[in-house]
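What follows is a short report on a single structure.
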Amino acid sequence: MSDSMEKQTQDIVIQERDIELLKLLLHSRILTLAHAAVLIFGGSKEAAKKRVQKLKANGLILERRRKAYEQGVLFLSKKGFLVLKERGELPPECDNIPSFSKRALVSELTLKHELEVMDVKTAFYREAEKRDDITIAEFSTWPKLYEFSVRDERDGPFGRRIKVKPDGFIRLHQHEPDGSLWEQMFFLEVDRSTEKLEILVARMRFYNAFYRSGGMAERNQKTRERYADFPFRVLVVCKSTERVNNLRRLLQEITPPFLSQIYLTTNAEVCKTPFQFLIYSQQAAI
């Protein structure tokens, strides 16, 4: 670490857990103390509170302005970003200050949505801690890392290409009693309920096109012809059961059908029983 950075952090000894928290903030952009407690501090709210206070006091983490009745929302400071940079903990996608500055900006319009995404992630990790048969190999909430583009087939074979930015990407490992290991992959879509259902249906078409065109196979360094070897599902989290039912009805009307690739649930359901959908999912042996 440079002399300037050493001086800046002289009031705190950076621990491995601090680095993990700073990296989490880099990837998620924002989170609450409750999220940090589950994802970094083993569920201990008191440990999370004390350490976050220390990191805030040293300027490594900042908190958004809020009203007295609102929950605190944490984000990574430029100083915290520089600590990660100095220690070689930055992914290639953000190894410069401008990209960090842009990513750190979260509008009020998207704030609630991104916190709901983090609620889902936290529920997954909380449940995984209770189970011996499932481990979370990956749960990314950085859309840039898993965005893809597909041709809009509604416009014919020469339709325009559409870029899709998932809310998350998940890889789960299921451990069987015989020692075998199965992997399941999911894209995460947390519905804002502000879009027309037809727009969400179109988005599900794009995921299906990405699969059938071999996009996931190619992403895993295989030929597109091997698309069937890389199944994934899209976990769509809606705010209400009514929204789920209406979306399912529209998806059932599509020919050829691909509803089996989509799992629909509500915020309340996924946070209560996050692994309920596993029995319906396609698996791949690893």
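Quick check: anything in region 197-211 at pLDDT 95 or above, among the hydroxyl-bearing types (Ser, Thr, Tyr) and assigned by TED's automatic domain parsing to the domain that holds Pro256?
Yes; the residues of region 197-211 include at least one that is at pLDDT 95 or above, among the hydroxyl-bearing types (Ser, Thr, Tyr) and assigned by TED's automatic domain parsing to the domain that holds Pro256.
Please state which of the following conditions Glu116 fails to meet, knowing it meets all the rest: (1) closer than 25 Å to Phe206 by Cβ; (2) touching a strand residue (DSSP E or B) at 6+ places or on another chain (Cβ under 8 Å); (3) modelled with pLDDT under 95; (4) among the charged types (D, E, K, R).
(3)
For Pro98, all conditions in the list (1) part of a helix (DSSP H, G or I); (2) closer than 19 Å to Thr141 by Cα; (3) modelled with pLDDT under 95 hold save one; what is the number of the exception?
It is condition (2) that Pro98 fails.
Has region 168-177 got at least one residue that is free of Cβ contacts under 8 Å to residues at least 40 places away in the same chain and either under 22 Å from Lys239 (Cα atoms) or touching a strand residue (DSSP E or B) at 6+ places or on another chain (Cβ under 6 Å) (or both)?
Checked region 168-177: at least one residue is free of Cβ contacts under 8 Å to residues at least 40 places away in the same chain and either under 22 Å from Lys239 (Cα atoms) or touching a strand residue (DSSP E or B) at 6+ places or on another chain (Cβ under 6 Å) (or both).
Name the residues in region 238-249 that are surrounded by 17 or more Cβ atoms within 10 Å (Cβ to Cβ) and either in contact with a Ser or Thr (Cβ under 8 Å, 6 or more places away or on another chain) or at pLDDT below 90 (or both), would you?
Listed by number, the residues that qualify are Cys238, Arg243, Val244.
Looking at Gln261, Gln252, Gln221, Gln174, can you tell me which residue is exposed (fewer than 12 other Cβ atoms within 10 Å of the Cβ) and under 25 Å from Trp142 (Cβ atoms)?
From the options Gln261, Gln252, Gln221, Gln174, the qualifying one is Gln221.
Of (1) in the same structural domain as Glu189 (by TED's automatic domain parsing); (2) over 16 Å from the mean Cα position of the chain (by Cα); (3) in a helix (DSSP H, G or I), Glu116 satisfies all except one. Which?
Unmet condition: (2).
Scan (1) surrounded by fewer than 17 Cβ atoms within 10 Å (Cβ to Cβ); (2) out of contact with any Phe, Trp or Tyr (no Cβ under 7 Å at 6 or more places or on another chain) for the single condition Phe206 breaks and write down its number.
(1)
Of the residues Gly80, Gly43, which is part of a loop (DSSP other than H, G, I, E, B), at pLDDT 80 or above and more than 18 Å from the chain's Cα centre (by Cα)?
Gly43
The values are calculated or read from the model by the stated rules, or taken from the named source; none is laboratory data. Everything quoted here is computed from the prediction, not taken from an experiment. Positions of Cβ are backbone-derived with ideal geometry, glycine not excepted, and every protein chain shown enters the neighbour counts.
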